[in-house]
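Just so it is clear, none of the values below were taken in a lab; they were calculated from the coordinates. Remember, predicted model here, so these are calculated numbers, not experimental data.
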Amino acid sequence: MRGWVVLLWAALATVVLIVIGIFGTLLASGRIELVPTPTPTIEPVPEVTPVVDPTYDVMILNATPEQGLATQMKDVVVAAGWTDDKVTAGEAGSQDFPTTTVFYVDPADEAAAAGLAGVIGGAEIEQSEAYPATTEGVPQLTVVIGLDRTAAGQAPAPTP
């Protein structure tokens, strides 16, 4: 009887050593973790509610080779409620700007930029110091017309 007890203890010790070895190998190889690493939570970006605010000055720059787009867009903005003296139209320094974008300087102007983007038929909005206000104390939004608004840059309408 004493021989069976020794054999059982030896078998138990062998099983324990094998389990410890497997566990140690899995732990060392990184397949299991004793303390799981918390996954970072992604905070949702707050949605901006577009606001059409005609108190802003609007500068429209045509950054495409197609002539007359700035004037056409000025007419659209004036028709949306801006006065003619609040909206200026002109040519940009380049003619290869890819996407029409409304630029604003102050983060508080984001809602007005989104509203103007909606007025002109959709555009990206971007905060940038590249286009500061031309009149002291009056906030300004700058629309840079991109190649996506040219006849060559627009996607053809789907045929039914």
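Structure data summary
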quantity	calculated
Cut-off under 5 Å, modelled amide H: who pairs with I60 long-range	T88, A89, G90, V143
Hydrodynamic radius (Kirkwood) for the chain, which is based on Cα pairs only, to one decimal in Å	20.4 Å
Mean separation of Cα contacts under 8 Å (6+ apart) over length of the chain, as relative contact order %	26 percent
Helix-only mean residue ellipticity at 222 nm for the chain, each DSSP H run of n ≥ 4 adding -39500 (n - 2.57), per residue, nearest 500	-10000 deg cm²/dmol
Helix axis angle, 110-119 relative to the chain longest principal axis, alpha carbon, degrees	60 degrees
Cα-based equivalent ellipsoid of the stretch 57-149: semi-axis lengths in Å, sorted from largest, via gyration tensor	18, 15, 13
